[in-house]
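Peer 1: Sharing a structure with you now.
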Amino acid sequence: MEHALANRIVQIRSELDRLKAADLETTIIDLGDREVVGYRCGIHGASVHRYELGAPVNLNELAEFERRVGARLPLEYREWLTQVSDGGAGPMHGVFPLAEEAEDAAIDYAADFSFTAENPCAPVPEGADARWSQNIERIYRGMTFLADEGCGMYNLLILRGPASGQVWWHSYEHASATPILHPETGRPLTFLDWYELWLGRALDPSQDQVGSFGEFV
């Protein structure tokens, strides 16, 4: 792993520990016949993952998934999976484990994701059922679900095509997909950019936390 990338990952893990210490509260709840631990978090979605990181990815599973994709995964995401965690603590309801799907999606991993920042997938008007199906079929190519925001909204990581390595915001209800842009540079976010933006907002009391990355599209 290159030095700059390794340093970013170390910094992210340190800031994640800080956020956990500041945000996660535990209480003992007496149910009469037994006691259980209750958790409370102020950061959106954190009560789902409770700042726990999964184990690094199984390398055989990674190799098999990359064979399905027909390419190596984007570098930042691959390093996170192999060096840190396959699923767990992260933006929104937490990072999905490798290849976890949502909405019963039939993803064609070996096809290119054809949309670009200049040509995203616009929302479908209500009642346009045929176009909705067409959009969903085109969106679910060369990508993987990264995180669930709730209410049918997701963050996707693009694995193939001109937008490879970018994180996109997806509304299942409206069959749309749009790149998430950095609020300062206006450039599409990479995996670590996405994670850092969430952490930075969560740790900075002068800014609102990220409730949805849809605000950055």
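The values are calculated or read from the model by the stated rules, or taken from the named source; none is laboratory data. Bear in mind the structure is a predicted one, so any value in this text is a computation, not a measurement. Ideal geometry is used to build each Cβ from the backbone, glycine not excepted, and the neighbour counts take in all protein chains shown. In case anyone asks, the SASA skips ligands and DNA or RNA and just uses the protein heavy atoms, side chains included. Shrake-Rupley method; radii C 1.70, N 1.55, O 1.52, S 1.80 Å.
Peer 1: Can you go through SER14, SER47 and tell me which one is outside any loop (DSSP other than H, G, I, E, B) and touching a strand residue (DSSP E or B) at 6+ places or on another chain (Cβ under 8 Å)?
Peer 2: Exactly one residue qualifies, and that residue is SER47.
Peer 1: Starting from the stretch 22-45, keep only residues that are closer than 28 Å to LEU203 by Cβ, then list their pairs with residues that are hydroxyl-bearing (Ser, Thr, Tyr) and modelled with pLDDT of 95 or more whose Cβ atoms are within a distance under 6 Å, requiring at least 6 positions of separation or different chains.
Peer 2: Sorted first by the residue in the stretch 22-45, then by its partner, the pairs are LEU24/TYR51.
Peer 1: Within the group ALA163, ALA202, which residue is in a helix (DSSP H, G or I), over 15 Å from the mean Cα position of the chain (by Cα) and either of a type in the set (Gly, Ala, Ser) or at pLDDT 95 or above (or both)?
Peer 2: Working: ALA163 fails: in a helix (DSSP H, G or I).
On inspection, the qualifying residue turns out to be ALA202.
Peer 1: Another one. Starting from residues that are without any contact (Cβ under 8 Å) to a residue 24 or more places away in the chain and either among the β-branched types (Val, Ile, Thr) or open to solvent by 60 Å² or more (accessible area, probe 1.4 Å) (or both), keep the ones in the stretch 117-132 and report whichever is farthest from ARG78 (Cα to Cα). Outline the logic, then answer.
Peer 2: The initial filter retains those residues of the stretch 117-132 that are without any contact (Cβ under 8 Å) to a residue 24 or more places away in the chain, namely 118-119, 125-130.
If we keep only those that are either among the β-branched types (Val, Ile, Thr) or open to solvent by 60 Å² or more (accessible area, probe 1.4 Å) (or both) too, we end up with 118-119, 125-127, 129-130.
Values: GLU118: 26, ASN119: 26, PRO125: 36, GLU126: 38, GLY127: 39, ASP129: 36, ALA130: 36 Å.
That would be GLY127.
Peer 1: Taking the criterion of being closer than 21 Å to ILE12 by Cα, open to solvent by less than 40 Å² (accessible area, probe 1.4 Å), free of Cβ contacts under 8 Å to residues at least 60 places away in the same chain and outside any loop (DSSP other than H, G, I, E, B), would at least one residue in the stretch 167-190 satisfy it?
Peer 2: Yes, the stretch 167-190 contains a residue that is closer than 21 Å to ILE12 by Cα, open to solvent by less than 40 Å² (accessible area, probe 1.4 Å), free of Cβ contacts under 8 Å to residues at least 60 places away in the same chain and outside any loop (DSSP other than H, G, I, E, B).
Peer 1: Any chance you could count how many residues in the stretch 75-89 are under 23 Å from HIS3 (Cα atoms) and surrounded by 19 or more Cβ atoms within 10 Å (Cβ to Cβ)?
Peer 2: 8
Peer 1: Give the residue that is most open to solvent (accessible area, probe 1.4 Å), with candidates limited to residues of the stretch 101-116 that are of a type in the set (A, V, I, L, M, F, W, C) and under 20 Å from ALA147 (Cα atoms).
Peer 2: Within the stretch 101-116, the match that is most open to solvent (accessible area, probe 1.4 Å) is ALA106.
Peer 1: Is it fair to say VAL57 is out of contact with any His (no Cβ under 8 Å at 6 or more places or on another chain), β-branched (Val, Ile, Thr), within 21 Å of ARG141 (Cβ to Cβ) and open to solvent by less than 20 Å² (accessible area, probe 1.4 Å)?
Peer 2: Here the answer is no, as VAL57 does not meet what is asked.
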